[in-house]
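Have a look at the structure below, then the notes.
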Amino acid sequence: MQITLERKPLDQVDAGALIVPVFEDVKEQRFGAPDLLESGEFVGKSHDLLLLHNVPGIAAKRVLLAGAGKSVEFRPAECRKLAGEALRFLKARSVKTACWALGSEHASADFAEAVVEGAVLGDFEPDRYKTGNDKKSFDGLSLTGFPVGTSLDDSIARARILAESQNYARALVNEPANHLTPAKVAEAAQALAAEFGLEYEVLDRARMEQLGMGALLGVAQGSAEPPCLIVIGYKTARPASSAHLGLVGKGVTFDSGGISIKPADGMEKMKYDMAGGAAVLGAMRAIAQLKPAVRVTALIPCVENMPGSRAQRPGDIVKAMSGKTVEVINTDAEGRLILADALTYARKLGCTHLVDAATLTGAVVVALGHLNVGLFANNDAMRERVLRAAAAAGDRMWPMPIEDDYKEYLKSAFADISNVGGRWGGAITAAMFLKEFAEDSPWVHLDIAGTAWLDDGKPFLAKGPTGVPVRTLVRLALDWQD
Ligand code: BES
Ligand code: MN
Ligand code: ZN
């Protein structure tokens with residue numbers, strides 16, 4: 001998709017469609033069909049769309065009136081959705097080009113970025129494996145009504161990199177587990193690192209054995225697919241901070257549950273159990289291009305969680321790289337085991353601040369539904385940093401408790417810690433487990449089990465992987481200040 005700034009006056013814009021946001025509470029609409037608005041047929045209600053053809057005095061073939069709701073409530077988050085919705089609406093009708101016309105009251109870089117992000121995210125389809133479908137590509141989007149200037153060019157470029165990197169993560173998540181094994185994730189990471197000039201290293205089973213990563217290796221032992229720990233590094237020539245940010249993403253390419261096997265119903269979705277790893281990769285793709293002034297290292301522990309005669313059993317006790325012993329009560333609580341060793345390794349590499357993203361628990365879906373990422377932190381300043389980045393990026397996150405009293409839930413009679421905490425507060429006990437391995441590093445854990453996958457498509461976003469929280473992770477790095 002080409003994305004450009006439109007310099008022609010509105011009525012002379014040559015496009016398949018002119019997209020005009022219409023507000024419920026603005027009497028004097030800049031443009032459009034006063035009769036329609038008066039008749040009540042279209043009043044600008046949020047997410048109502050109306051397509052007009054051959055509008056007199058307008059060069060564009062069509063005008064898409066896009067209901068934007070109340071103008072005072074129209075924020076970039078709304079704008080992002082509306083742009084995605086308009087693009088998907090036009091694409092479904094084989095319209096290939098459009099021009100977005102925003103009024104002066106919303107003509108800022110924030111809104112320009114939201115339009116570009118929404119459109120690029122809306123353009124994504126998880127249909128790679130459908131044969132014979134006529135791919136409806138969208139060719140070009142232009143923006144008009146914004147003040148012309150270089151800063152806006154920068155905004156558009158940045159928004160595009162962010163959304164494309166998010167789509168990169170979505171495409172990876174959508175790959176089925178027979179195509180995307182841990183080795184293939186490593187290949188993808190290597191190609192990404194080569195394309196964007198990042199450092200790349202992969203730890204194989206032998207290396208992980210040397211390092212004593214018993215928690216990760218225990219999960220991997222039931223699968224014929226060899227595990228790996230992928231490390232991708234970004235270094236800046238002009239560090240504005242002595243911080244070294246570590247982004248850790250859960251990379252379970254398929255989670256059958258292992259010996260504590262999951263029910264068949266819905267198990268096919270467990271190909272998305274590497275969404276945290278994909279998000280971290282997507283974030284590095286954007287970070288490499290946007291070049292924040294802080295060092296960032298991504299770590300993706302990659303395994304397949306399978307049952308079998310070699311698989312880890314309930315009751316097994318493994319020794320993590322940190323030296324702690326773990327009683328594996330439930331082999332389906334595998335994410336925390338692989339993340340434990342990845343967090344320890346991140347610290348060993350010198351990461352001073354840690355953020356992990358993981359489809360970690362069904363319990364976070366019970367707690368927060370599909371709308372908010374569950375956010376846990378062992379450090380107030382770090383929690384605020386990530387919440388601020390999330391707000392700026394438009395990812396919804398909700399702070400959840402971390403309190404030492406919950407540690408009791410993870411007591412094991414036979415090892416230092418148990419890998420499950422019983423029936424209640426499952427998202428919290430999972431986070432408490434990770435906290436033991438973040439030790440004294442400022443750390444945030446993002447449980448994305450409820451937000452990384454969209455069960456029902458939305459008008460602005462296809463069903464399937466969402467790419468959350470790519471934009472937040474990038475924003476965190478870009479806005480980093482000591
Ligand atoms: N990958 C799952 C969590 C999950 C559940 C992600 C639903 C997306 C949707 C994780 O590995 C898991 O199985 N967690 C268990 C933990 C339990 C055994 C303590 C769970 O949530 O049931
Ligand atoms: Mn599991
Ligand atoms: Zn899992």
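The values are calculated or read from the model by the stated rules, or taken from the named source; none is laboratory data. Bear in mind that the values here come from a model prediction, so they are computed numbers and not experimental data. Methodologically, a virtual Cβ is constructed for each residue, glycine included, from the backbone with ideal geometry; neighbour enumeration extends over all protein chains shown.
A few comments on the model shown:
- Residue list for segment 361-375, filter: more than 16 Å from ligand 2 (Cβ to nearest atom) and either touching a Pro at 6+ places or on another chain (Cβ under 8 Å) or over 22 Å from LEU281 (Cα atoms) (or both): ALA367, LEU368, GLY369, HIS370, LEU371, VAL373, LEU375
- Selection count where residues are more than 11 Å from ligand 1 (Cβ to nearest atom) and either more than 22 Å from LEU473 (Cβ to Cβ) or of a type in the set (A, V, I, L, M) (or both), scope segment 247-290: 16
- Qualifying residue in segment 209-223 (condition: in contact with a helix residue (DSSP H, G or I) (Cβ under 8 Å, 6 or more places away or on another chain) and among the β-branched types (Val, Ile, Thr)): yes
- Looking only at residues of segment 337-360 that are part of a loop (DSSP other than H, G, I, E, B) and of a type in the set (Ser, Thr, Tyr), we find that the one that is nearest to ligand 2 (Cβ to nearest atom) is THR359.
- Checked against (1) surrounded by 19 or more Cβ atoms within 10 Å (Cβ to Cβ); (2) within 16 Å of ligand 2 (Cβ to nearest atom), MET321 passes all but a single condition, namely (2).
- Residues (assigned to a loop (DSSP other than H, G, I, E, B) and either basic (Lys, Arg) or under 26 Å from ALA171 (Cα atoms) (or both)) located in segment 88-130: ARG93, SER94, VAL95, LYS96, PHE124, GLU125, PRO126, ASP127, ARG128, TYR129, LYS130
- Scanning segment 373-427 for residues that are of a type in the set (Lys, Arg) and within 18 Å of LEU337 (Cα to Cα) yields LYS407, LYS411.
- When residues of segment 252-261 are limited to those that are touching a residue at least 60 places away in the same chain (Cβ under 8 Å), within 10 Å of ligand 3 (Cβ to nearest atom) and not charged (D, E, K, R), the one surrounded by the fewest Cβ atoms within 10 Å (Cβ to Cβ): GLY257
- Residue check for PRO239: assigned by TED's automatic domain parsing to the domain that holds ASP455 and either modelled with pLDDT under 95 or within 16 Å of ligand 1 (Cβ to nearest atom) (or both): yes
Conditions (1) surrounded by fewer than 16 Cβ atoms within 10 Å (Cβ to Cβ); (2) within 16 Å of ligand 2 (Cβ to nearest atom); (3) among the basic types (Lys, Arg), marked per residue:
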{"residue": "VAL231", "(1), (2), (3)": "no, no, no"}
{"residue": "PRO263", "(1), (2), (3)": "yes, yes, no"}
{"residue": "MET267", "(1), (2), (3)": "yes, yes, no"}
{"residue": "LYS271", "(1), (2), (3)": "no, yes, yes"}
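- Subset tally (residues that are within 18 Å of SER137 (Cα to Cα) and in contact (Cβ under 8 Å) with a residue 60 or more places away in the chain) for segment 91-113: 6
- Among the residues of segment 291-317, the ones that are more than 26 Å from the chain's Cα centre (by Cα) and in a loop (DSSP other than H, G, I, E, B) come to 10 in all.
- Of all the criteria given as (1) at pLDDT 95 or above; (2) farther than 21 Å from VAL120 by Cα; (3) basic (Lys, Arg), the one not satisfied by ARG93 is (2).
- Qualifying residue in segment 123-138 (condition: polar (S, T, N, Q), surrounded by 23 or more Cβ atoms within 10 Å (Cβ to Cβ) and touching a helix residue (DSSP H, G or I) at 6+ places or on another chain (Cβ under 9 Å)): no
- Selection over segment 59-77 of residues that are buried (at least 18 other Cβ atoms within 10 Å of the Cβ) and assigned to a loop (DSSP other than H, G, I, E, B) gives a count of 4.
- Residue match in segment 318-336 (condition: in a helix (DSSP H, G or I) and of a type in the set (Ser, Thr, Tyr)): no
- Residues satisfying the stated conditions in segment 2-24, i.e. surrounded by fewer than 17 Cβ atoms within 10 Å (Cβ to Cβ), outside any loop (DSSP other than H, G, I, E, B) and over 31 Å from the mean Cα position of the chain (by Cα): ASP11, GLN12
- Residue in segment 144-151 that is within 16 Å of ALA278 (Cα to Cα) and part of a helix (DSSP H, G or I) present: no
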